[in-house]
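Chemist: Structure in structure tokens, see below.
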Amino acid sequence: MLTDILIIGAGPVGLYTAFYAQMRKASVKVLDSLKAPGGQPAHIYGEKLIYDIPGYPSITGTELTQQLLNQLSRFENDFCLGQEVLMITKNDQGIFEIQTNQTTHYAKSVIIATGNGAFQPRKLNLDKAQEYEDQSLHYIIKNPEDFRGKTVALAGGGDSAVDWALTLEGIADRVYLIHRRDQFRALEYSVERLEHSSVQQIKPYLIKALQGDLGQLTGLHLERAKTKDPLFLEVDQLVVNYGFSTSLNSAKKWGVAIQHNQVQVDCHMETTVKGIFAVGDIAHYDGKVKIIASGFGEAPLAVNQALYYANPSYQPSPIHSSSLFEGEIL
């Protein structure tokens with residue numbers, strides 16, 4: 001079946017793009033390599049609070065995903081999950097053929113909303129670290145309640161490490177935050193909260209060895225940067241937040257130009273391939289701010305231009321959602 005717009009990626013920006021496109025009466029299909037929608041916020045940061053979504057003082061990744069799915073429920077949606085896009089080509093009729101690991105889809109235009117691409121956590125490079133994984137060494141927090149009453153150490157200096165330390169402060173018995181540098185790289189607001197919290201900052205220190213038995217940690221051997229002074233911490237659990245390694249290997253096969261490990265777009269969110277657009281963290285242009293809110297703003301631009309590409313006589317008229325869905329209750 002031929003669709004007006006095929007969206008690659010079912011993260012927050014992909015979901016909102018699908019919603020806006022259907023408000024414009026476009027037929028839409030959404031593909032994702034994961035088996036459930038939500039992207040990184042749902043699958044990696046499901047219980048982590050997000051503070052920069054307009055209209056929400058705070059919201060978890062799981063809650064945000066559910067709200068976006070509720071918003072989409074006004075329409076009959078076509079999700080194709082668990083499908084990895086292998087190749088995008090354009091046939092003689094100007095129709096895009098999107099080949100996945102399962103089948104081939106056909107669309108008049110394509111919008112890429114894959115976030116940072118395929119992702120894997122950067123793991124702790126220490127002997128026998130794997131022996132502790134999932135039991136007392138973690139790279140993803142699925143349920144903060146699992147740490148209730150525990151002594152927890154977090155390793156990292158970015159937003160994830162700082163935010164999780166603050167989240168676990170009221171759950172764990174004691175929280176340590178270990179960073180190899182003197183300064184954290186998180187948002188200033190989060191760092192200020194950290195300074196006024198009970199989280200004990202251990203910096204600048206590196207984790208040199210793990211201590212424990214049968215998969216259960218009992219402590220960490222640390223070493224101070226430069227001076228090499230040793231320090232031992234008794235802990236029950238270790239959460240490593242060294243970030244994620246991302247891969248655009250698939251996108252590089254789609255024919256679009258890659259710049260700064262992102263897909264290059266113009267002011268209409270169009271890539272170097274006419275009819276293929278990109279929104280959200282995957283899209284690059286001068287002055288780009290990589291937050292979810294930016295992607296929400298990019299979605300209408302891409303959708304309107306995608307519809308214009310498919311039909312040059314298309315002229316988007318102003319729409320007011322307050323009247324469009326008047327009388328409907330979700």
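We did not get these values from a lab; they are worked out from the coordinates using the rules stated. Since the structure is predicted, the reported quantities are computational estimates derived from the model, not experimental observations. Because the Cβ atoms are built from the backbone with ideal geometry, glycine has one as well, and the counts that use them run over all protein chains shown.
Chemist: Mind scanning 29/90; 25/253; 25/108 and naming the pairs with a C-alpha gap bigger than 23 Å?
Modeler: Pairs exceeding the cut-off: 25/253.
Chemist: Where the convex hull is taken over the Cα atoms of the chain, what is its projected area averaged over directions, in nm²?
Modeler: 19.3
Chemist: Give the separation of the Cα centroids, the range 173-247 to the range 40-99, in Å.
Modeler: 33
Chemist: Name the chymotrypsin sites (Phe, Trp or Tyr not before Pro) in the range 237-330 that are in a loop by DSSP and that have at most 16 other C-beta atoms within 10 Å, would you?
Modeler: 285, 314, 325
Chemist: What is the magnitude of the charge dipole of the chain about its Cα centre, with +1 placed on the Cβ of each Lys and Arg, -1 on the Cβ of each Asp and Glu, and no other charges, expressed in debye to the nearest 20?
Modeler: 720
Chemist: Nearest 5 is fine: what % of DSSP beta bridges in the chain come out antiparallel, could you say?
Modeler: Expressed as a percentage, antiparallel bridges in the chain total about 50.
Chemist: Just tell me which aspartates and glutamates come within less than 20 Å, Cα to Cα, of residue 128; anything on the same chain fewer than 8 places away is out.
Modeler: Within the straight-line cut-off, residue 128 pairs with 213, 223, 234, 236.
Chemist: If you place +1 on the Cβ of every Lys and Arg and -1 on the Cβ of every Asp and Glu, how big does the dipole about the Cα centre of the range 208-293 come out, in debye to the nearest 20?
Modeler: The dipole magnitude comes to about 360 debye.
Chemist: May I ask what percent, to the nearest 5, of DSSP beta bridges between residues of the range 123-242 are antiparallel?
Modeler: Among the beta bridges of the range 123-242, antiparallel pairing accounts for roughly 45 percent.
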